[in-house]
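Below: the structure, in structure tokens.
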Amino acid sequence: MYASYEEFFQAYWHRVVRYLHNKCSSYADAEDIASQAFLYCHQNWHQYDARKASQSTWLFMIVRSRWLNYCRSQKKHVDMDMLSNVLFDENDPLHQAIELESMRQQIASALETLPVNQKKAVIFRFFGDKSDEEIAQILDTSPGNVRVMIFRALKKLKESMKHPENEEYR
């Protein structure tokens, strides 16, 4: 945690501009948005509450707000997944929680595409910690067939995760 605004500014300015430059049409726009965000931080430095969020999270929430305003003014489409990847520190617990929830939703959706027995076999194996023999008994089949079902299911899941809407999991 930075005790002074000056230290905070020095620590984050280049990083914020670099992230925004990847999302904006020009370096000048990135600097303008960063300036607006840091001006807000400076004006509200006394209101920052460490109990609510880390300084980097607080900053990037402000940067996100300013970037969305910029996008609205440019009438551009905003990809929220891309935005969260760029604006949140990868080590930040909030960013990690967003990533985990997104991954969980992708896996749950992919599991729904499997045939019932393959889905059950995968769930029993990876979420129920069952052996091939236990799964075979539950599904009334052979352990060898369970291994084949799981192999095919994992192959289908891998393919399902390769679709463009799941590009980050390739």
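Structure above, values below:
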{"item": "Ascending count of other beta-carbon atoms within 10 Å, so fewest first, for TRP67, TRP58", "result": "TRP58, TRP67"}
{"item": "Pairs beyond 27 Å (Cα-Cα), from LYS120/LYS162; LYS23/LYS158; LYS23/LYS155; LYS23/LYS156; LYS23/LYS119; LYS130/LYS158", "result": "LYS23/LYS158; LYS23/LYS155; LYS23/LYS156; LYS23/LYS119"}
{"item": "Likely footprinting exposure, ASP49, ASP132, fewest C-beta neighbours within 10 Å first", "result": "ASP49, ASP132"}
{"item": "Using θ = phi - 60° and Karplus 6.51 cos²θ - 1.76 cosθ + 1.60, couplings along segment 43-50 (whole Hz; Gly, Pro as x)", "result": "5, 10, 4, 5, 8, 4, 10, 5"}
{"item": "HN-Hα J in Hz across segment 145-151 - Karplus 6.51, -1.76, 1.60, θ = phi - 60°, x for Gly and Pro", "result": "5, 4, 4, 5, 4, 5, 4"}
{"item": "³J(HN,Hα) computed for each position of segment 129-141 - Karplus, 6.51 cos²θ - 1.76 cosθ + 1.60, integer Hz, glycine/proline x", "result": "6, 9, 7, 4, 5, 5, 5, 4, 5, 5, 8, 6, 8"}
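Values in this text are rule-based calculations from the coordinates and carry no lab data. As the structure is a computational prediction, the values presented were derived from the model and not from experiment. Please note: Cβ atoms are built from the backbone with ideal geometry, for glycine as well, and neighbour counts cover all protein chains shown.
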